[in-house]
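Only one structure is covered here, and it is reproduced in the block below.
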Amino acid sequence: MSTVPSVAAGNRPAAVFLGAGDTKARQVVEQLVSEGLPVGVLDSVDDIEADLGAIRVLLVDQLIAREAEGLKRISSVLCADDVQRLVIVLVHAKITFADRLALSSLGDLSLCSADSASSVRSRIREWGRDRSLDGHKVLLVEDSKTDAYLATKYMTEMGLQVLHIARAEQVLGAIDMFRPDLILSDLHLPGCTGDQMVRVLRQDPEVTMPILLLSSESCPEKQLMAMSAGADGFIRKPLKSLPFKRVLKTTLRRSSALQNRMHRDAMTGLLNRQQFDVWLQRAVARRASCCLAVMDVDHFKSVNDRFGHSVGDEVLVRLAKLLEDGLRSTDHSARTGGEEFGVIMYDCTPEAAVGVLDRIRQEFMAVAFSAADEVFHSSVSIGVTLIQGMATEVYQRADSALYKAKKEGRNRIKLAP
């Protein structure tokens, strides 16, 4: 019997699945449900139309996607509104270029193997993270007050934070202060053209954010020469709301997706060690009440040895999900090593951090994992300290508290003195 809940039952799942029969695609969906990701099931394309307003992520069996009439119907239904959705086709047989071309009609589409629940879960998580533009920062370099007003108006309507400067020589200080995710610059600036400014910015290897140029320039050769300086795109003036917003959305999402792949652990979706260390340095510099926690899954090697690495991966992914769900969006969590994790909690006393993390520890201990006809539980040991002093000292104190937790019997949390 399927363990996938019905959308019609009144659920509002994270994703919905459209499939036929007991295929590998349905099996991977059932695994996602067992791991805590709410996925509803649709019985037909008609159900997509009926529940369209609630659907943000659609999982489609490759067999259904191969039916030309069904594919055309799905595409027609999804295009009925302007809502951004992710469509994941669960692949369990050879897929050709012609198949992919037909599937492109579904819009924002990803192909995922029906043999890997983790890749499906990671793609959904990445999409959810990348699609939100709220809080993204754009540095606007524009000497025309009229053009600056219009561009700022469109961008604030998108939820973007905008800093406007009028001269190219202000850009270096603005980057250091504002830390933009994208730079939008007029091509013709007083004292320095936009492409010259781009050349100056690209001298710094740390300036990797996309740069888009604005101009009424219609000569293709001049546009290409401007972009050869290191710009990533060219937007014609006068600005039109819809195409302008679409270009910004696409550019920011691609950039965000690339940054996430560089800065995040591929399996869990948490920050990787390198990026976590960057945030720890920033937390140290804040000199505010912040806490660092380091944790280690107990007896993890024995899980891998007894049940295999795929089961071990499932244990790590479940702990990562509990950290994501149990911490505030302003906190940072990372997979810092094999079975090692780290957490930075902002504006938080050590006692409050211990309370939150101990609840997560208990939730993790209660999770029942199934493998080789056995049910087993896992646990985690945690060390916590106030972020005070050099980053290396902070890490050492938290690590010492973790060692004490393990020495006293594991499956507990210890606060550094």
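Within 19 Å of the chain's Cα centre (by Cα) and in a helix (DSSP H, G or I): which single residue out of Met227, Met262, Met177, Met197 fits that description?
Working: Met227 fails: within 19 Å of the chain's Cα centre (by Cα); Met177 fails: within 19 Å of the chain's Cα centre (by Cα); Met197 fails: within 19 Å of the chain's Cα centre (by Cα).
When all the criteria are applied, what remains is Met262.
Any idea how many residues of the range 343-376 are within 29 Å of Gln388 (Cα to Cα), in a loop (DSSP other than H, G, I, E, B) and either touching a residue at least 60 places away in the same chain (Cβ under 8 Å) or touching a Lys or Arg at 6+ places or on another chain (Cβ under 6 Å) (or both)?
2
Here is a yes/no grid of residues against (1) of a type in the set (Asp, Glu); (2) crowded, with 19+ Cβ neighbours inside 10 Å; (3) touching a helix residue (DSSP H, G or I) at 6+ places or on another chain (Cβ under 7 Å):
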{"residue": "Gln31", "(1), (2), (3)": "no, no, yes"}
{"residue": "Val39", "(1), (2), (3)": "no, yes, yes"}
{"residue": "Asp43", "(1), (2), (3)": "yes, no, no"}
{"residue": "Leu52", "(1), (2), (3)": "no, no, yes"}
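Name the pairs: first residue in the range 159-173 and in contact (Cβ under 8 Å) with a residue 12 or more places away in the chain, second residue aromatic (Phe, Trp, Tyr), Cβ to Cβ under 7 Å, at least 6 apart or on different chains?
What qualifies is Leu163/Phe178.
Are any residues in the range 402-417 touching a residue at least 40 places away in the same chain (Cβ under 8 Å), surrounded by 21 or more Cβ atoms within 10 Å (Cβ to Cβ) and out of contact with any helix residue (DSSP H, G or I) (no Cβ under 6 Å at 6 or more places or on another chain), and if so, which ones?
Leu402
Only one of (1) at negative phi; (2) in the same structural domain as Val45 (by TED's automatic domain parsing) is not met by Gly107, so which one is it?
Checking Gly107 against (1) at negative phi; (2) in the same structural domain as Val45 (by TED's automatic domain parsing), the one that fails is (1).
Out of everything in the range 275-309 that is in contact with a Ser or Thr (Cβ under 9 Å, 6 or more places away or on another chain) and assigned to a helix (DSSP H, G or I), what residue ends up being nearest to Asp265 (Cα to Cα)? Even if it seems obvious, please write down each step before you answer.
First, pick out the residues of the range 275-309 that are in contact with a Ser or Thr (Cβ under 9 Å, 6 or more places away or on another chain): 276-277, 289, 291-300, 303.
Applying the additional criterion that residues be assigned to a helix (DSSP H, G or I) yields 276-277, 300, 303.
Working: Phe276: 11, Asp277: 14, Phe300: 18, Val303: 21 Å.
Step by step, filter the range 275-309, then rank; the result is Phe276.
What are the residues in the range 105-114 that are under 25 Å from Met158 (Cβ atoms) and in a helix (DSSP H, G or I), if any? Working first, answer last.
Here is the first cut: in the range 105-114, the residues under 25 Å from Met158 (Cβ atoms) are 106-110.
Hit for the range 105-114 is Leu106, nothing else.
When Glu217 is evaluated against the numbered criteria (1) in contact with a helix residue (DSSP H, G or I) (Cβ under 7 Å, 6 or more places away or on another chain); (2) outside any loop (DSSP other than H, G, I, E, B), which criterion, by number, is the only one it fails?
(2)
With surrounded by 18 or more Cβ atoms within 10 Å (Cβ to Cβ) and modelled with pLDDT of 90 or more as the only criterion, which of Leu248, Leu172 stands out? Break it down stepwise before answering.
On the way: Leu172 fails: surrounded by 18 or more Cβ atoms within 10 Å (Cβ to Cβ).
Unique residue meeting the criteria: Leu248.
Residues of the range 236-250 being in a strand (DSSP E or B) and touching a residue at least 40 places away in the same chain (Cβ under 8 Å), which ones? Give the derivation first.
First pass over the range 236-250, keeping only residues in a strand (DSSP E or B): 236.
If the condition is that a residue be in a strand (DSSP E or B) and touching a residue at least 40 places away in the same chain (Cβ under 8 Å), then no residue fits.
Quick one: in the range 209-234, which of the residues that are buried (at least 19 other Cβ atoms within 10 Å of the Cβ) and small (Gly, Ala, Ser) is farthest from Ala151 (Cα to Cα)?
Ala226
Quick check on Gly191: is it at positive phi, assigned by TED's automatic domain parsing to the domain that holds Lys245 and touching a helix residue (DSSP H, G or I) at 6+ places or on another chain (Cβ under 7 Å)?
Working: at positive phi: yes; assigned by TED's automatic domain parsing to the domain that holds Lys245: yes; touching a helix residue (DSSP H, G or I) at 6+ places or on another chain (Cβ under 7 Å): yes.
Spelling it out, Gly191 is indeed at positive phi, assigned by TED's automatic domain parsing to the domain that holds Lys245 and touching a helix residue (DSSP H, G or I) at 6+ places or on another chain (Cβ under 7 Å).
The values are calculated or read from the model by the stated rules, or taken from the named source; none is laboratory data. Fair warning: this is a prediction, and the values are worked out from it, not measured in the lab. We place every Cβ from the backbone using ideal geometry, glycine too, and count neighbours over all the protein chains shown.
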